[in-house]
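Down below is the structure, laid out as structure tokens.
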Amino acid sequence: MITLYGIKNCDTVRKACKWLDANSIEYHFHDVRKDGLTMAKLKQWAKVVDWELLLNRRGLTWRQLTDDEKADLNKSKAVRLMAEKPTLIKRPVLEMGSESGDAVMVGFKEEIYKAELL
């Protein structure tokens, strides 16, 4: 089963959903803002992909962080911040297969989705 994590009003998430729908790929949408996200799930992802790839430094939530929150950033601090503020997670996160989150893709690039999912 594929789970797509994101927020509904994100353009990139919408593009990913549209692509999945157009290619008849079944998935479950998990809204990280409404449905939340566990620390355990974030830690799983950070084991599979680099935490710096998971952290969205381009969004409004990042710009609203204090200098202290941004200072001395490491994996555990970044995971904690993403758990507290899920919109700090780069979107979408696509989790494939088992519950363990072994296969995780961050962001949406059509050519990568094609290669991995078709």
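Please treat every number below as a calculation from the coordinates, not as lab data. Note that the coordinates shown come from a computational prediction; the quantities given were computed from them, not determined experimentally. Note: ideal-geometry Cβ built from the backbone for every residue, glycine included; neighbour counts use all protein chains shown.
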| query | Amide H to amide H, which residues 5 or more places from LEU55 or on other chains are under 5 Å from it, using H placed in the peptide plane? | reply | LYS90
| field | Helix-only CD estimate at 222 nm, as mean residue ellipticity for the chain, using -39500 (n - 2.57) per DSSP H run (n ≥ 4) | value | -11500 deg cm²/dmol
| Surrounding net charge for ILE7, when Lys and Arg each add one and Asp and Glu each subtract one, Cβ distance under 9 Å | +3
| request: Normalising by the residue count of the chain, find the relative contact order in percent from Cα pairs under 8 Å and 6+ residues apart. | output: 35 percent
| For VAL49, VAL106, what's the fewest-to-most ordering of other Cβ within 10 Å of each Cβ? | VAL49, VAL106
| message | With angles folded into 0 to 90 degrees, how steeply does helix 75-84 sit against the dominant principal axis of the chain? Use alpha carbons for both and round to 10. | response | 80 degrees
| request: Multiply the residue gap between ARG58 and ASP11 by 0.36 nm, knock off their C-alpha separation, and tell me the result in nm, one decimal place. | output: 15.5 nm
